[in-house]
Structure formats: structure tokens, C-alpha cells
1. Out of S142, S119, S149, S133, I need the residue that is touching a strand residue (DSSP E or B) at 6+ places or on another chain (Cβ under 8 Å) and open to solvent by 30 Å² or more (accessible area, probe 1.4 Å). Which one?
2. Report every pair of residues separated by at least 6 positions or lying on different chains whose Cβ atoms are under 9 Å apart, first residue within the stretch 150-163 and farther than 16 Å from S176 by Cα, second part of a loop (DSSP other than H, G, I, E, B) and not hydrophobic (A, V, I, L, M, F, W, C).
3. Please name all residue pairs, on different chains or six or more residues apart, with Cβ atoms under 7 Å, provided the first residue is in the stretch 66-89 and is of a type in the set (D, E) and the second residue is surrounded by fewer than 17 Cβ atoms within 10 Å (Cβ to Cβ) and part of a loop (DSSP other than H, G, I, E, B).
4. Restrict the check to the stretch 49-58 and report whether at least one residue is open to solvent by less than 50 Å² (accessible area, probe 1.4 Å) and at positive phi.
5. Pairs, please: C-beta under 7 Å, at least 6 apart or cross-chain, first residue in a helix (DSSP H, G or I) and in the stretch 44-61, second of a type in the set (S, T, N, Q) and open to solvent by less than 50 Å² (accessible area, probe 1.4 Å)?
6. Looking only at the stretch 64-72, decide whether some residue is modelled with pLDDT of 90 or more, assigned to a strand (DSSP E or B), on the phi > 0 side of the Ramachandran plot and not polar (S, T, N, Q).
7. Go through the stretch 117-147 and report how many residues are within 15 Å of the chain's Cα centre (by Cα) and either part of a loop (DSSP other than H, G, I, E, B) or of a type in the set (S, T, Y) (or both).
Amino acid sequence: FKILTIMRRLRILFAIMAVSLCSLQSTWAQDEVVVSVSLTLPGSLGYEILKQHDPINEVTNLTVTGAINDDDWNIIRGITNLKYLNLSGASCETMPANVFNSINSDCDADNLVSVTLPSNLKNIGNSAFNQQSSLTDVFLPSTIESLGSSAFCLCDKLESIHQTSLPSSIKQIPSSCF
């Protein structure tokens, strides 16, 4: 009889420990994962992030310096928990279309809150931030020349595009841009 009582108590104790562990893991999952990388070779972003944190999709705050290419944009697009992206020290003249388009099948997350774009960026592709419902702040460089169609379309919480003034080099802002 004593052995059965002890076994029941142990089962209850293990159940409590399991619930506590699940709760603790849930708390860990909500923590921010901050990664800062300096690229020496375009296309190496995924590798550089993995050296600091695995899995990549848990990164919430990413700062990148160095030249980036389309492969790197694809890595950024796949970081589904990304909230804050700082590319002010990155070098890239064109942001591809649909990078953060939340209706694009390759990008199913819309957690992005703030983005600082590369200081030499000239072109933002079509639908680059389309339907990013959490996006509140975008920091544009003074080098911007063109904004793609629907670039910021349906970004309902977008409060600020930080740039003292849009450069005179911008020839046209499509009507569906915002």
C-alpha cells in the first residue's frame, strides 16, 4: 500500500514538473533573440546568423553590416519572428520585390515592427512590405530613387517614415504605394 501511495505522489510530482517545464519553455520562447552580424561576403548571412543562434527563425532583432545580396534577403524573409531589422550599416542598392509581403507564400509572418534600410539603398521593390500589419516605423536613406507599387500597401500601423524629406531624385510615388 505504501509503495502505491509513493508511486502516485511521484507521478503527481513529475506531472507538476512537466507543467512547470512547459511553462518555462514558453517563457524562453517569448524572449528576444538579438543577433548582430558583419558580412565579409555577400550571401553568407544565414551562415553568420547560425554561428550565433540556431534556429534562425527565432531571431527577433537583427543588425547587419556589409554587402548583402538576394540570397541574404531570402534569409531575412525566412526569419518569421523578426521584429526589428537594422540594415543601416549594410550595403545594397535594390530591395527585391515581395521581401516582406505577408501574402507572399514565402513570407508568412507579419511581426516586423521597425526597419532601418541600407544607407545606399536606391530602389524598394513592388510589394516589399505589403500587408505588414505590425510595421510602425521605417527609416529610409536619403539615396532612395524609386518606391515600388504597393511597397507599403496595407501597413495599417505604419506611423512614421523617418526621413527629413524625400529626395528630389524620386521621380514618382505610385498611387498604390501606401
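The values are calculated or read from the model by the stated rules, or taken from the named source; none is laboratory data. The shown structure was predicted, so the numbers you read here are calculated from the model rather than taken from an experiment. Cβ coordinates were reconstructed from backbone atoms using ideal geometry, including for glycine residues, and neighbour counts include every protein chain displayed. When the accessible area is computed, the model is the full protein with side chains, heavy atoms only, and any ligands, DNA or RNA have been set aside. Shrake-Rupley method; radii C 1.70, N 1.55, O 1.52, S 1.80 Å.
1. The match here is S119.
2. Between residues of the stretch 150-163 that are farther than 16 Å from S176 by Cα and residues that are part of a loop (DSSP other than H, G, I, E, B) and not hydrophobic (A, V, I, L, M, F, W, C), the close pairs are K157/Q132; K157/S133; K157/S134; K157/T136; E159/T136; S160/T136; Q163/P141; Q163/S142.
3. Note: pairs meeting the criteria are D71/G43; D72/P42; D72/G43.
4. No: zero hits.
5. N57/T80
6. Yes; the residues of the stretch 64-72 include at least one that is modelled with pLDDT of 90 or more, assigned to a strand (DSSP E or B), on the phi > 0 side of the Ramachandran plot and not polar (S, T, N, Q).
7. 11
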